[in-house]
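Sharing a structure, written as structure tokens. Questions coming.
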Amino acid sequence: MLDYLKEYFDFKAFLICLALVAMGLLSVYSATYDVGAAAAFHKQVIWAGIGFIALLISAFFPIRSLQRISFPLYGGMLLVLLVVLVVGKTVAGSKSWFGVGGLGGQPSELAKVTTVLALAAFLARTTTSLSNIKHLLIAIGIAIVPMALILAQPDLGTTVVFFAMMLPVLYWAGASNFVLAAIIAPIIVAAGALFGTFPFLCALAIAGTLLYLTRENRFALAVAFSLTLAVGLSVQAVYERMPTYQQKRISTFLNPGADPRGAGYNVMQSKVAIGSGGFFGKGYLQGTQTQLNFIPEQWTDFIFCVPGEEFGFIGASFVLTLFAALLLHGITVAGLSKNKFASAAAIGITGIFSIHMLINVGMSH
């Protein structure tokens, strides 16, 4: 048993995750301390325990067996995503939740993992080559199908995570620079269109240049640029048809100061909380923004404010260092793995962690 653990159990990743979970529990406890939300902390402890058990099970689960069941798991999760559209619980405008015995969860979170596994299993096949347009479209389709179901909930934020997972996996599996540019270009142009006409034209010029420099042939270049232009021109129409809460999220992301007492309130208060922490912080359970509940439900999306305020620059840097170490370790594991499935899966999971860290830390600043 000890020899098996030494060879196959990743103690470095385990210790990093353990430190992050410990920091998370400390932060959630502080955010729920004396504000009548102790249940949120208790749920966090339960989920941490469930995660630990899942870790132990997966550590002793043969990688080849996991590869064999990847597609059944993926298909089962697609079915669950369909069911949640019918009988799911609506939270914050998104019909994406199931609740069992006081514990709630979003199937889309598990769908991220099953999609990574299915994509990795497909790319690991000896007959798969991303230079083959059919294989490329299948690989993209594996990610697109759950994305479409999640977007129907609607959950735009989780959909973005799937994009962030798909791109590094395709790159790792050998997709050409033009393919990656063709996927990224519409995103660049869509983002520019949200800021206005001039930023849209600048983004279009950047995307066009990127496509031109990586082009494989003129026909592919023309198709990719046309699709990119179509996406950019349709952004405003799509934005106007979005639910009001999603419009507010996007406008707040672009300019939090436009509505400091409304949609941008949390962002503005989170900046105050992190800035007030200084270098060493105010001390555990001593953060005024946190303890006086200036940031509503801080134990959810804005939890990074707690170490920023109570442990200061030192505490925030420690959390970011742990995340950086975890992400670098994930890339290292992918690079050292001799199993194509394990390597692609490691990159995909690392991509998921990366985008979540960027979003949740970035939205607090």
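In the range 319-365, what count of residues is obtained for those that are part of a helix (DSSP H, G or I) and either without any contact (Cβ under 8 Å) to a residue 60 or more places away in the chain or among the small types (G, A, S) (or both)?
Here the count works out to 26.
Which is loosely packed, with under 12 Cβ neighbours inside 10 Å, at pLDDT below 90 and touching a helix residue (DSSP H, G or I) at 6+ places or on another chain (Cβ under 8 Å), of G196, G257? Please lay out each step first, then the result.
Values: G196 fails: touching a helix residue (DSSP H, G or I) at 6+ places or on another chain (Cβ under 8 Å).
Only one candidate passes the filter, namely G257.
Would you point out which residue out of R215, R249 is in a helix (DSSP H, G or I) and basic (K, R)? So that I can check it myself, show each step before the final result.
Working: R215 fails: in a helix (DSSP H, G or I).
Of the residues listed, the single one that is in a helix (DSSP H, G or I) and basic (K, R) is R249.
If you go through the range 137-161 one residue at a time, how many are of a type outside the set (D, E, K, R) and touching a Ser or Thr at 6+ places or on another chain (Cβ under 7 Å)? So that I can check it myself, show each step before the final result.
Pass one, the range 137-161, residues of a type outside the set (D, E, K, R): 137-154, 156-161.
Right, trim to touching a Ser or Thr at 6+ places or on another chain (Cβ under 7 Å) and you get 142-143, 146-147, 150-151, 153-154, 158.
Residues that pass the stated criteria total 9.
Answer yes if at least one residue in the range 266-277 is within 30 Å of Q236 (Cβ to Cβ), modelled with pLDDT of 75 or more and not hydrophobic (A, V, I, L, M, F, W, C), and no otherwise.
Yes, there is a match, as at least one residue in the range 266-277 is within 30 Å of Q236 (Cβ to Cβ), modelled with pLDDT of 75 or more and not hydrophobic (A, V, I, L, M, F, W, C).
Does the range 16-29 hold any residues that are closer than 16 Å to D301 by Cβ and not β-branched (V, I, T), and which are they? Don't jump to the end; show me each part of the working.
Going through the range 16-29, the residues closer than 16 Å to D301 by Cβ turn out to be 24, 27-28.
Within the range 16-29, G24, S27 qualify.
If I ask for residues that are of a type in the set (D, E, K, R) and either within 30 Å of Y284 (Cα to Cα) or surrounded by 22 or more Cβ atoms within 10 Å (Cβ to Cβ) (or both), which ones from the range 306-348 would you list? Give the derivation first.
Residues of the range 306-348 that are of a type in the set (D, E, K, R), as a first pass: 309-310, 338, 340.
Of everything in the range 306-348, those that are of a type in the set (D, E, K, R) and either within 30 Å of Y284 (Cα to Cα) or surrounded by 22 or more Cβ atoms within 10 Å (Cβ to Cβ) (or both) turn out to be E309, E310.
Related question: Please give the number of the condition N293 fails out of (1) in contact with a helix residue (DSSP H, G or I) (Cβ under 8 Å, 6 or more places away or on another chain); (2) part of a loop (DSSP other than H, G, I, E, B).
That leaves (1) as the condition not met.
Please list, ordered by residue number, the strands (runs of 3 or more DSSP E) wholly in the range 42-107 having 3 or more residues that are modelled with pLDDT under 90 and in contact with a Gly (Cβ under 9 Å, 6 or more places away or on another chain). Walk me through it before giving the result.
Working: elements: 89-91, 94-100, 103-105.
Hits in the range 42-107: 94-100.
Assuming I303 fulfils every condition listed in (1) surrounded by 19 or more Cβ atoms within 10 Å (Cβ to Cβ); (2) part of a helix (DSSP H, G or I) apart from one, which condition is it?
Status for I303: all satisfied but (2).
Considering the range 301-314 alone, what residues qualify as being within 22 Å of L18 (Cβ to Cβ) and touching a residue at least 40 places away in the same chain (Cβ under 8 Å)?
Correct list: I303, F304, V306, P307, G308, E310.
Search the range 116-136 for residues being in contact with a Gly (Cβ under 9 Å, 6 or more places away or on another chain) and within 22 Å of I69 (Cβ to Cβ), and hand back the single one that is surrounded by the fewest Cβ atoms within 10 Å (Cβ to Cβ).
The residue in question is L117.
The values are calculated or read from the model by the stated rules, or taken from the named source; none is laboratory data. Bear in mind the structure is a predicted one, so any value in this text is a computation, not a measurement. When we count neighbours, we look across all protein chains shown, and the Cβ atoms used for this are built from the backbone with ideal geometry, even at glycine.
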